[in-house]
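Below is one structure, written out as structure tokens, with a few remarks after it.
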Amino acid sequence: MHKSLIGLAVAAGVGLATVAAPAPANAYCVGCAVGAGVAGGLIGGAIIGSAIANSPPPPPPGYYGPPPGPPPGPGYAQLAPGCYWGKRKVWIEGVGYRWRTVQVCQ
């Protein structure tokens with residue numbers, strides 16, 4: 001095991017030395033910077049685009065419950081426990097669906 005770790009460390013050192021060795025400069029490559037910039041932009045755009053596309057949707061807005069109903073007064077019946085006044089579509093014969101204030105119980 002000890003010899004394997006030493007061999008791995010030596011191989012990594014030799015590999016790093018060959019990569020880090022200085023190379024002669026090529027002054028005749030005119031469009032290399034443009035090509036590298038375009039390639040980098042495409043790769044970066046693909047990475048950022050896939051990260052945005054794979055992100056989860058935002059959480060839904062907080063639940064605030066139904067709005068308070070109209071105050072009881074003339075023409076309104078008393079509310080049963082656990083009920084509230086709410087707007088609902090109601091079928092009216094000969095007219096169709098209309099929005100009305102009705103008692104909604106859970």
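Applying a threshold of 7 Å to beta carbon distances and a minimum spacing of six or more residues, or different chains, the list of pairs starting in region 26-55 at a residue that is free of Cβ contacts under 8 Å to residues at least 60 places away in the same chain and part of a helix (DSSP H, G or I) and ending at one that is among the β-branched types (Val, Ile, Thr) and open to solvent by 50 Å² or more (accessible area, probe 1.4 Å) is empty.
Summed over region 72-94, residues that are modelled with pLDDT under 80 and open to solvent by 100 Å² or more (accessible area, probe 1.4 Å) total 3.
The values are calculated or read from the model by the stated rules, or taken from the named source; none is laboratory data. Computed from a predicted model, the values in this text were never measured in an experiment. No Cβ is skipped: glycine too gets one built from the backbone with ideal geometry, and neighbour counts run over all protein chains shown. For accessibility, only protein heavy atoms count, side chains too; no ligands or nucleic acids. Shrake-Rupley method; radii C 1.70, N 1.55, O 1.52, S 1.80 Å.
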